[in-house]
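Before any comments, here is the structure.
The values are calculated or read from the model by the stated rules, or taken from the named source; none is laboratory data. Just so it is clear, the model here is predicted, and its values are computed rather than measured. Backbone-built Cβ (ideal geometry, glycine too); neighbour counts: all protein chains shown. Accessible surface areas use protein heavy atoms only, side chains included; no ligands, DNA or RNA. Shrake-Rupley method; radii C 1.70, N 1.55, O 1.52, S 1.80 Å.
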Amino acid sequence: MLTLIAFVVALGVLIAIHEYGHYRVAVACGVKVLRFSVGFGKPLLRWQRKGSPTEFVLCALPLGGYVRMLDEREGPVDAAERHLAFNTQPLRSRAAIVAAGPAANLLLAAVLYAVVNWSGVEEPKPILGSPVAGSLAEQAGIVSGDWVASASVGNSEAVDVGSFGDLRWRLTQAALSGDDMTLWVGKGEGAATRPVLLPLGRLDVREVDAKLFERMGITAPWSAPVVGGVMEGGAAAEAGLLPGDKVRAVNGAPVADGQQLRSLIRTGVNPDGQPVVQAWQLERAGQIFTLQVSPAAEMVDGILVGRIGAYIGAAPEFMIVKYGPVDGLVQGVVRTWEVSWLTLKMMGRMLIGEASVKNLSGPLTIADYAGKSASLGLTSYLLFLALISVSLGVLNLLPLPVLDGGHLMYYLWEGVTGRSVSDAWMERLQRGGVVVLMALMSVALFNDVVRLAG
């Protein structure tokens with residue numbers, strides 16, 4: 001139920017803001033707006049302010065919306081009101097009205113990011129766990145416990161890294177751009193740092209997922225190698241492990257953190273599925289002792305890995321990331337721009353085959369993320385809304401005839417040539433745009449089903 005409510009609220013807010021952008025600028029340009037609708041289908045609620053020509057409608061199917069304006073192309077217009085029709089407005093006014101919808105979504109995203117910045121968000125400190133074996137991070141010399149103080153992309157100046165989430169975002173941007181990144185790491189906050197070069201340009205970045213960060217070698221913040229909840233009947237319970245046990249060594253090799261311990265567990269089975277008995281040196285209530293642990297084999301993505309039926313790793317160290325009024329707003333605008341540019345870049349890479357169409361997400365994935373973010377609290381939900389608002393704004397600016405960006409392309413043609421697109425060409429382009437959009441939606445929906453089924 002939470003997923004459904006969070007999804008409907010998200011759609012309602014984002015669609016209403018988008019359509020309000022069109023509506024507000026249309027009114028400012030002197031265009032008569034006949035109807036403002038959120039949703040399609042049967043009207044559930046309708047009202048009209050006294051003295052206003054606009055009917056506001058809330059419909060049953062919240063998968064879109066529209067602003068219907070007086071327009072000679074859609075029906076006869078009284079001569080006395082012709083100056084109020086959309087099609088009679090100057091080119092700059094028509095372009096502004098069309099662009100206002102996507103602009104409203106981008107503005108909403110900037111405000112939401114700013115609100116989160118002002119209220120503060122709890123994030124893991126930028127302390128790195130053990131790098132994945134054979135990864136770029138391990139080859140570069142990163143070790144468990146390194147604190148990332150700053151980072152630079154290519155030859156640019158180093159900027160401070162505010163949290164582990166901030167670091168992941170910068171790594172994602174650099175990897176998609178094919179740029180190398182230099183991390184300045186030390187043994188603690190304020191400690192002397194050393195440069196570590198991550199040659200991210202070597203990566204073949206087709207999908208932005210967990211496997212991308214595994215190849216980078218930076219998957220999780222540092223956490224103590226402590227046993228958490230133990231499942232009844234699992235290998236951990238059979239070995240006698242208890243919640244709170246701290247693992248000091250496995251088979252005589254010191255364990256630095258939870259990430260390293262999870263890796264040792266995953267490799268604790270033979271290719272034939274037989275467990276590899278591991279000697280765990282533990283610390284419990286000040287006492288040091290050893291237990292024999294035999295991970296059980298489990299097939300994950302076609303690979304046999306070890307599992308012990310216990311949560312591994314203590315919670316990472318957290319910090320509150322918070323900005324003042326001006327800095328928070330500036331950071332909100334910057335993040336909106338960064339996400340917009342990254343979205344466009346990914347779409348461009350998919351178009352030329354350098355990125356997988358598996359990156360496309362549809363309504364099922366959005367609904368799933370809406371529910372998950374809402375369950376984590378208001379801050380997570382606001383960040384989710386901001387991300388989807390950016391995506392909606394950017395998507396609508398694409399030069400597809402059925403989208404706002406397509407209409408802006410018509411106006412660009414009109415501005416350059418001095419004549420509007422003919423009705424015949426308009427009809428052809430609209431049909432082509434519908435086909436392309438339906439194809440994209442079909443791929444996104446297929447990806448949703450595969451993700452949720454997996």
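Determine if region 47-60 includes at least one residue that is outside any loop (DSSP other than H, G, I, E, B), out of contact with any His (no Cβ under 7 Å at 6 or more places or on another chain) and in contact (Cβ under 8 Å) with a residue 40 or more places away in the chain.
The answer is no, given that none of the residues of region 47-60 is outside any loop (DSSP other than H, G, I, E, B), out of contact with any His (no Cβ under 7 Å at 6 or more places or on another chain) and in contact (Cβ under 8 Å) with a residue 40 or more places away in the chain.
Take residue 196 and decide whether it is free of Cβ contacts under 8 Å to residues at least 40 places away in the same chain and of a type outside the set (Phe, Trp, Tyr).
Here the answer is no, as residue 196 does not meet what is asked.
Which residue pairs have Cβ atoms closer than 6 Å, lie 6 or more positions apart in sequence or on different chains, and pair a first residue in region 113-128 that is without any contact (Cβ under 8 Å) to a residue 24 or more places away in the chain and farther than 18 Å from residue 324 by Cβ with a second residue that is assigned to a helix (DSSP H, G or I) and open to solvent by 30 Å² or more (accessible area, probe 1.4 Å)?
Hits for this filter: zero, empty list.
Can you report the number of residues in region 15-32 which are open to solvent by 50 Å² or more (accessible area, probe 1.4 Å) and on the phi > 0 side of the Ramachandran plot?
The total comes to 0.
In region 100-107, is there at least one residue being of a type in the set (A, V, I, L, M, F, W, C) and farther than 30 Å from residue 328 by Cβ?
no
All but one of (1) part of a strand (DSSP E or B); (2) modelled with pLDDT of 90 or more; (3) open to solvent by 70 Å² or more (accessible area, probe 1.4 Å) hold for residue 37, so report the exception by its number.
Of the numbered conditions (1) part of a strand (DSSP E or B); (2) modelled with pLDDT of 90 or more; (3) open to solvent by 70 Å² or more (accessible area, probe 1.4 Å), the odd one out for residue 37 is (3).
Can you find a residue that is at pLDDT 90 or above, closer than 30 Å to residue 336 by Cβ and open to solvent by 30 Å² or more (accessible area, probe 1.4 Å) anywhere in region 125-143?
Yes: region 125-143 contains one or more residues that are at pLDDT 90 or above, closer than 30 Å to residue 336 by Cβ and open to solvent by 30 Å² or more (accessible area, probe 1.4 Å).
Within region 144-186, count every residue that is of a type in the set (Asp, Glu), at pLDDT 90 or above, open to solvent by 10 Å² or more (accessible area, probe 1.4 Å) and part of a loop (DSSP other than H, G, I, E, B).
Total satisfying the criteria: 1.
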